[in-house]
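Notes to accompany the following structure.
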Amino acid sequence: MNQPASAKSSAPRRKSKKKWIIIGGTVLLVALVAIGMSRRKKDTGISVTTEKAIIKTITQVVTATGKVQPEIEVKISPEVAGEIVEMPVKEGDLVKKGDLLLKIKPDFYQAQFEQQEAALLSAKAASVLSKAHLDKAQQDYQQAKDLYAQKLISDSDILNAKTNFDVATADFDSSQAQIRRTEGSVSQAADQLSKTTIYAPMDGTISSLTSEIGERVVGTGQFAGTEIMRVADLSNMEVRVKVNENDIVNVKAMDPTIISIDALPNVKFSGKVREISASSQNATSEISAQSSSSDEVANFLVKISISDRDPRLRPGMSATSDIQTHTVENVIAVPIQSVTVRADGGKTVEDLQAEKSKAARERSGNDLEVSDDKDTARRSREQLERVVFLVDGTKVKMQKVETGIADNTHIEIKSGLKDGDEVVSGSYAAISRRLKDGADISVEQPKKGKP
């Protein structure tokens, strides 16, 4: 059945009008939501987290990593060269002082000793002969003096007798010196022969063994030879750590230390600083190479005795030491991140750097102006002061503070705050850059698991 033409034309117009109404309503809703969010964001201010100043004990800690080592460990190196023919110990064995550790083949040194003994016998025999010649020459010279006094021999005869006596005396003295020299050679050969056998210098454990029977080792009297093994006292262990030059000034002997061993994650060991090196570890190489960088951080070796004895500790284990350098009790403290720096007028470090860059662009680059620019930067750094932001309702107040020592979470406040004052503790961007004196804030709860 056919519909009228007017009915067919009115239907599309109603659909088009409905479509535009829906689009207009959607746009209006989006605009209202955007305006509401903008006003809400403007009204809430800078989002921060806060914490209250508390009374607590703060212990300043210097953390350093290193290795577990025995306090006493002796490297066993031979003073003579040769083949190892006997070694009755193995790594991990307990030894007593004087126990046999190893023998080096002694044939060569035994032959040398026998040669020197034979040379000594020969020197002594030659000395006996020289003594007989001396006695005979002395007797002849005495007889010649008597005959010469009686004018029975000539001047040449008495001179010959005296010369023979002097020669015999010198020959005898030389034979005596030869005996002493040969005796020294015999002693040296005997010493070399005795050094083919090495005994334990102390009670301890064979902590390292790098040679086997049949190997040839090198040894000299002036320099260290081949390292064959190490004997260590494993009952007294220490941690050797490297502390950089910025922290070493706070470390002193007998400072208590908490030690964590990577291989024993659930165990904490106590210890004390036993020894601090007087010079940095790279000082010698720097002097010899003369090529060290001026901005390189020097490290100092610190030895920390482990008070707790544990048979599981082994040389070479990785360790982390927290050296407790200073402790203050019952002081006002706030989270470390709450303290920042500001210059005059509440300017941040970024503000000072921006002003410095702008001033540098506006100036020409002559030497005098560069020097002035450096002086300006130095003065700017000197003007930086430590501050915190106190919460005052929906605003913050910038408060200057004097700080002391810090631990891993809190820093001591010597002046500027009192117990219970609420300070901004986050975020880092808000504290270091965004917050100004009197700025609007909105306090939110810190996320779970984060400070």
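No value in this document is a laboratory result; all are computed from the given coordinates. These numbers come from a predicted model, not from an experiment. Heads up, the Cβs are rebuilt from the backbone with ideal geometry, glycines too, and the neighbour counts pull from every protein chain shown.
Close amide H partners of D421, meaning residues 5 or more places away or on another chain with modelled amide H under 5 Å apart, are A53. Residues whose amide H falls under 5 Å from that of L234, counting only those 5 or more places apart or on a different chain, are T205, with hydrogens built in the peptide plane.
Relative contact order of segment 230-327: 44 percent, from C-alpha pairs under 8 Å at least 6 residues apart in sequence. Using Cβ point charges alone (K and R +1, D and E -1), the dipole size of segment 107-195 about the Cα centre works out to roughly 160 debye. Report note on the peptides 143-150, 240-247: ranked by the mean count of other C-beta atoms within 10 Å, highest first, their order is 240-247, 143-150. Each residue in S338, S318 was given a count of other beta-carbon atoms within 10 angstrom of its own, and listing them fewest first yields S318, S338.
Mark the label point 7 Å from the Cα of D191 along Cα→Cβ and return the residues of segment 64-98 whose backbone N is within less than 19 Å of it. Under 19 Å, as judged by backbone N against the label point of D191, lie 77-82 of segment 64-98. Considering only T182, A149, Q138, and ranking their Cα positions along the charge dipole of segment 107-195 that arises from unit charges at the beta-carbon of Lys, Arg, Asp and Glu, the one farthest toward the positive end is A149. Backbone amide hydrogens, once placed in the peptide plane, bring V341 within less than 5 Å of V387, excluding anything fewer than 5 places away on its chain. Working note: Karplus 6.51/-1.76/1.60 with θ = phi - 60° gives segment 202-211 the couplings 6, 6, x, 10, 6, 8, 8, 9, 10, 10 Hz, where Gly and Pro are set to x. Ordering T196, T340, T163, T169 by the number of other Cβ atoms within 10 Å of each residue's own Cβ, fewest first, gives T163, T169, T340, T196.
Which values of log₁₀ I(q)/I(0), to two decimal places, follow from the Debye formula for segment 154-203 at q = 0.21, 0.25, 0.29 Å⁻¹ with a uniform point scatterer at every Cα? The Debye formula, applied to the Cα set alone, gives -0.80, -0.89, -0.98. The dipole here belongs to segment 230-327: it is taken about the Cα centre, uses +1 on the Cβ of Lys and Arg and -1 on the Cβ of Asp and Glu, and is about 460 debye.
For segment 107-195, what does the equivalent ellipsoid look like in terms of its semi-axes, each the square root of 5 times an eigenvalue of the Cα gyration tensor, given largest first in whole Å?
After scaling each eigenvalue by five and taking roots: 43, 8, 7 Å.
Ordering 434-441, 249-256 by mean Cβ neighbour count within 10 Å, with the highest value first, yields 434-441, 249-256.
What net charge is computed for the residues neighbouring G204, neighbours being all others with C-beta under 13 Å from the C-beta of G204, Lys and Arg scored +1, Asp and Glu -1? Net local charge, G204 excluded: -3. Listed from fewest to most Cβ neighbours within 10 Å, the set K96, K162 follows the order K96, K162.
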